[in-house]
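Coordinate-derived values only; no laboratory data. The structure displayed is predicted, hence computed values, not measured ones. Glycine gets a Cβ as well: all are built from the backbone with ideal geometry, and neighbour counts include every protein chain shown.
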Amino acid sequence: MKPVELVIVGAGDRGFVYAAYAKLHPDRARIVGVAEPREYYRTKMVEDHNIPQENVFTDWKDLAKKPKIADAVIIATRDHMHKDTAIAFAKKDYHILLEKPMAPDEKSCKDITKAVVSQKIIFAVGHVLRYTRYTQELKSIIDSGLIGDVISIQHLEPVGYWHQAHSFVRGNWRNEKESAFMLLTKSCHDIDWIRYIVGKKCKTISSFGSLTHFKKENKPSIAGDNCLDCDYEPQCPYSAKHIYLNLVKHGKLGWPVSVVTPDVTVAGVIKALREGQYGRCVYECDNDVVDHQIVNLEFEDGETASFTMTAFTKARPRETRIFGTRGEIYGNGTKIQVFEFLTGRSEIVDLSQDEKPEALSDHGGGDYGLIHAFVTAVSENDATKILSGPEETLESHLMTFAAERSRIERKVIDVKI
């Protein structure tokens, strides 16, 4: 079979992550076009994949006006652009891999779903957590009946103190008007993951959370407005100088440093911190998204789940406890520990030595799992390779919107799918 031809719309970090699959498997996938307004990233994508100039665009709309040039499109633009972009390419009969979230509001998510279903294209959203070997092992244990019926779940997303500062205080997802609320942008795939593990529809949701720490009134009296000129900086765990320059000095030049500046030298990073958004004091930014939130979910047969998303942790893999009628499970992305009530037997499944392609190893290998499944689905014209169809993806997004509505209105919300 000939390689699946892909177009990248949005050559940012996620666009390059998914495009890396074509380098690993040139016999399975080929990047044949790109639409990206920023010259550096557009040129880099062209050079990395030898894209012909006639398929290079600064605006995705110009690409969408042309006759179809590829089998599928990977949409990794800013969230507010997803609706128009996805619908336009669906109408051109491109198969679509859309980065999560689908869109920043319910109506746009519904419009996208309607468009892709009516066109009968293969459609996947970047809910990468479903595609890890860890998740599939966990799901198979539950489906085997080893721990009986799942009754309740505790799930933790330890965002990490520096990741919060990078993405949700200084970065692109700090402000709802520029992106969306944090539960959607950071953790809609956690809500989706819980839905996948339970395997049933959610009927009721409640949620609490707020922006508690990263605001002006918590700024130390001796702190400055930029980390490069701050007397408090040596004592501050959120110091941009500490976070980014330490990574550069240790040769870690990918994300998040590559988001700060394309010039990933010490001098380049210092210049970017001086002139750009990533050097700002975390107590002087225009952020308004939460820094911690909990979500409580009740499913159709009485099963319950609790989800915690918090900035105030060491950055590490997600942790989950699953409680069944015949046993319980603890998992953290690399280890699954199962305890059976009847026998008292405890078993550990160790996934820490799993080999993952370095370019697609994030999210426990879920990035690789998703793009591999998508390419396979397109190649074989088999939508069942995608672990969540458009309707189920919409369902978990509507759960996320319901949770945020509960947080704001301070009441329990009935989920209407």
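Remarks
- At R0 = 30 Å, FRET efficiency that the Cβ-Cβ distance of Lys2 and Thr58 yields, to 0.05: 0.55
- Efficiency of FRET between Ile222 and Val412 - r from beta-carbon atoms, R0 45 angstrom, step 0.05: 0.50
- In a fully extended conformation the segment linking Asp350 and Thr384 would gain 9.4 nm over its present Cα-Cα distance, using 0.36 nm per residue.
- Selection among Ser210, Asn55, Val4 by position relative to the dipole of the chain gives Asn55 as farthest towards the positive end (Cβ unit charges, Cα centre).
- Across segment 301-311, computed HN-Hα scalar couplings (Karplus, 6.51 cos²θ - 1.76 cosθ + 1.60, θ = phi - 60°) run 10, x, 4, 10, 8, 10, 10, 10, 10, 9, 6 Hz from first to last residue, x flagging Gly and Pro.
- Charge tally in the Cβ shell below 12 Å around Tyr238, where Lys, Arg are +1 and Asp, Glu are -1, Tyr238 excluded: +1
- Across the cross-link table entries Lys252/Lys335; Lys177/Lys416; Lys83/Lys186; Lys107/Lys177, which are compared at the Cα atoms, the separations over 20 Å belong to Lys252/Lys335; Lys177/Lys416.
- Label-reachable residues, segment 278-310, where backbone N falls under 17 Å from a point 7 Å from Tyr232's Cα toward its Cβ: 279-287
- Choice from Ala272, Ala240, Ala403 with maximal GNM fluctuation in the chain (Cα, 10 Å cutoff): Ala272
- Too-long pairs where the Cα-Cα distance tops 22 Å, listed order kept, from Lys91/Lys120; Lys2/Lys65; Lys241/Lys271: Lys2/Lys65
- Helical contribution to [θ] at 222 nm, DSSP H n ≥ 4, -39,500 (n - 2.57), averaged over the chain, rounded to 500: -10500 deg cm²/dmol
- For segment 216-279, the convex hull spanned by the alpha carbon atoms encloses 85 Å³ per residue.
- In sequence order, calculated HN-Hα J values of segment 227-243 (Karplus, 6.51, -1.76, 1.60; Hz; x Gly/Pro): 4, 6, 10, 9, 6, 7, 3, x, 9, 9, x, 9, 4, 5, 4, 5, 5
- Normalised contact order of the chain, rounded percent, pairs of Cα under 8 Å and 6 or more residues apart: 21
- Relative packing of 151-159, 127-135, 30-38, which averages over residues the other C-beta atoms within 10 Å, highest first: 127-135, 30-38, 151-159
- Karplus-derived 3J(HN,Hα) values for segment 158-165, using 6.51 cos²θ - 1.76 cosθ + 1.60 with θ = phi - 60°, are x, 3, x, 4, 7, 5, 4, 4 Hz; glycine and proline are entered as x.
- If the chain linking Lys252 and Asp149 were pulled fully straight, counting 0.36 nm for each residue of separation and taking away their Cα-Cα distance, it would gain 32.7 nm.
- Subtracting the Cα-Cα distance of His213 and Glu47 from 0.36 nm times their residue separation leaves 55.5 nm of extension gain.
- Take the Cβ atoms of Asp93 and Lys23, set R0 to 25 Å, and the FRET efficiency comes out at 0.40.
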